[in-house]
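Below is one structure, written out as structure tokens; comments come after it.
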Amino acid sequence: MDKSACGSLPIEHGDFVRELAEVPPRVEYALTPLGESLLGAASALVQWAADNYVEIRDHRELTQRA
């Protein structure tokens, strides 16, 4: 995960993501165990969005026309 993916979000140096620094300077991020525990829920949300994409898109189009 590159720095642009986290931006300046407070989770960047918090409980979900830890910074791994190297010499010469290079920054890489990795999930902590707590962050990894969130993967199942995040995956379920992504799957739900994929499964319901057409309905979400159609509803969005209807509400934007109104």
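The values are calculated or read from the model by the stated rules, or taken from the named source; none is laboratory data. Small disclaimer: the values here were computed from a predicted structure and weren't measured. Note: ideal-geometry Cβ built from the backbone for every residue, glycine included; neighbour counts use all protein chains shown.
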Problem set entry | Residue that is modelled with the lowest pLDDT [pool: residues in region 4-34 that are in contact with a strand residue (DSSP E or B) (Cβ under 6 Å, 6 or more places away or on another chain) and outside any strand (DSSP E or B)] | Ile11
Exercise. Residues in region 40-57 that are over 27 Å from Phe16 (Cα atoms) and aromatic (Phe, Trp, Tyr): how many?
Worked result: 1
Seminar exercise, completed: Matching residues in region 35-66 (over 14 Å from the mean Cα position of the chain (by Cα), outside any helix (DSSP H, G or I) and at pLDDT 95 or above) number 1
